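We did not get these values from a lab; they are worked out from the coordinates using the rules stated. Quantities reported herein were computed from a predicted structural model and do not represent experimental measurements. Counting neighbours? That spans all protein chains shown, and the Cβs are built from the backbone with ideal geometry, glycine included.
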Amino acid sequence: MSSPDYLERNVENWTRWNARSSDDRAGEVWASEMTWGVFHVPESELDVLGDVAGLDVVELGCGTAYFSAWLARAGARPVGVDPTPAQLETARRLQAETGIQFPLVEAAGEDVPLPSASFDLALSEYGASIWADPYRWIPEAARLLRTGGRLVFLRNSTLVMLCMPETGVAEPTLLRPQFGMYRLEWPDDDGGGVEFQLPHGPLIDVLTSSGFAVERLVELQAPEGAEDPGPYSYVTAEWARQWPNEEIWVARKVDRVAA
Amino acid sequence: MSQRDVPDYVPGNVEVWTKANAEYTDASARESWAREEVTWGLWGIPDAELGVLGDVAGLDVVELGCGTAYFGARLARQGAHVVGVDPTLAQLETARRMQREFGLDVELVEGIGEAVPLPDASFDLAISEYGASIWADPNRWIPEAARLLRARGRLVFLRNSTLLTLCARLEGAAGESLQRPQRGLFRIKWPDTGEVEFEPPVGVLIDILHGSGFQVERLLELYAPEGAETHHYYDYVTAEWAQKWPNEEIWVARKIAK
């Protein structure tokens with residue numbers, strides 16, 4: 001399969017970002033409890049994943065692989081997949097430092113060099129879920145999963161993308177149309193990169209046609225008392241207390257014959 | 001059903017629809033009934049274009065919150081056996097008048113979508129188009145739709161998009177600024193008319209559907225087509241707004257074995 005046109009640009013972007021922030025922060029994030037999103041809502045509160053002990057997990061777009069590390073600590077057998085060598089380097093350093101070991105594979109979520117039907121859970125948290133084309137990575141996740149396996153991913157809400165200026169933080173105003181929303185290109189001087197954001201309807205279409213049954217959509221908001229997520233954030237706690245800035249999807253690979 | 005089982009918001013909503021019927025839906029019923037094509041929403045998008053319902057001939061259909069029953073009439077014309085349910089007597093009166101005029105057979109039942117006086121597992125399709133889908137509590141009417149459907153039957157409903165609800169204004173049409181938080185969004189009492197609407201966000205609605213034994217098959221976010229004009233009575237959203245953002249959405253869910 002040909003490499004997507006946006007891949008090189010996103011890898012460059014994430015290589016820069018790793019040097020600027022995610023390498024420095026990796027130790028702290030690896031040590032954290034399992035949480036979701038920029039406001040760190042604990043998994044223990046949302047109960048999205050349940051007991052993961054003994055599950056074969058593939059993380060698509062693992063970056064520095066902190067989520068896989070959390071899953072490994074909870075007893076799962078994760079495999080981290082990411083196309084950015086610099087981030088995988090950071091992940092290997094943390095593996096050596098913490099002794100938490102699991103396979104890391106350099107590849108894009110659209111085309112994963114792993115066998116079919118070999119995982120119970122496919123996970124993406126700000127990974128392939130936003131940086132890869134959903135018409136390619138979601139069918140690929142379906143291929144990797146066993147029947148009855150789950151796909152769980154976190155992405156930005158469509159609402160926050162509608163309210164996002166070219167630079168700066170989300171506003172309480174619709175700044176771009178939703179009609180035709182699919183691929184968004186950001187200026188390189190503000191992080192850059194090519195993101196994919198399908199609205200709810202088209203995303204449900206991709207999931208359903210890829211053999212998934214949608215089980216849950218958790219729209220995340222900043223908890224009361226949450227602080228702004230940091231200097232590079234695209235959203236303030238004040239905005240996200242009122243509207244969801246992120247969402248977690250849970251879908252199950254169904255037996256197509258029985259479905 | 002005893003009077004105390006009638007939800008608190010029903011009398012107010014019936015009052016609003018009695019008024020709307022006198023102002024608009026009674027006078028427009030003939031035109032709505034005369035239109036043969038099944039269309040969806042404010043912009044009248046043909047079902048043939050969206051492929052939502054497909055062939056309905058021979059299906060047992062219940063319409064929850066049928067109003068003047070124009071939607072049911074269109075399905076009946078295509079060979080479906082339709083029962084329309086609505087709590088507003090004035091609208092059912094209009095529906096009966098149209099039935100006589102058009103000679104179409106739609107059974108009309110006075111009732112609320114939250115507690116329908118019809119037997120379990122007796123329909124292939126439950127429909128709500130600006131009916132129970134907006135003016136009834138989804139924690140009550142969606143399990144009720146599940147009860148009425150046979151296994152593998154479909155629930156199809158149209159409602160406002162959450163985005164429109166966030167942008168809706170009391171004076172004038174929806175604009176580009178968010179008027180209210182999504183946090184806690186569920187039941188809205190509009191201060192101008194006193195009507196109570198239910199507008200759960202997509203995540204909450206998926207939970208209710210899933211918890212009621214439905215599998216979500218499709219969500220169609222509807223936009224105004226090129227050349228559409230703002231509706232003269234339902235002017236809370238302009239065609240221009242709805243060309244950029246979806247003002248309505250259609251849900252398709254299937255009843256699965258629990």
Would you kindly calculate the translational diffusion coefficient of the protein assembly as shown, applying Stokes-Einstein with the Kirkwood radius from alpha carbon pairs, for 37 °C and a viscosity of 0.692 mPa s, and quote it in µm² s⁻¹ without decimals? 134 µm²/s
If one builds a Gaussian network model of chain A from Cα atoms under 10 Å apart, the most fluctuating residue listed among A:Phe212, A:Phe179, A:Phe102 is A:Phe179
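Among DSSP bridges having both ends in chain B, what percentage is antiparallel? Round to the nearest 5.
Details: 21 of 40 bridges.
Antiparallel bridges make up about 50 percent of those DSSP assigns within chain B.
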Can you pull a Stokes-Einstein diffusion coefficient for the range A:138-213 at 37 °C (0.692 mPa s), Rh from Kirkwood over Cα pairs, as a whole number of µm²/s? 231 µm²/s
Can you compute the radius of gyration and Dmax for the range B:3-255, using only the Cα atoms, both in Å? 17.0, 48
Please find, in a Gaussian network model of chain B (springs between Cα atoms separated by less than 10 Å), the residue of B:Ser28, B:Ser133, B:Ser122 whose mean-square fluctuation is greatest. B:Ser28
Estimated D of chain A in µm² per second, where Rh is the Kirkwood radius over Cα pairs and Stokes-Einstein applies at 10 °C, 1.306 mPa s: 86 µm²/s
Using a Förster distance of 35 angstrom, determine the FRET efficiency expected from the C-beta separation of B:Ala151 and A:Ser118, and round it to 0.05. 0.60
Which of these, B:His231, B:His81, B:His210, has the largest mean-square fluctuation under a Gaussian network model of chain B (Cα springs below 10 Å)? B:His231
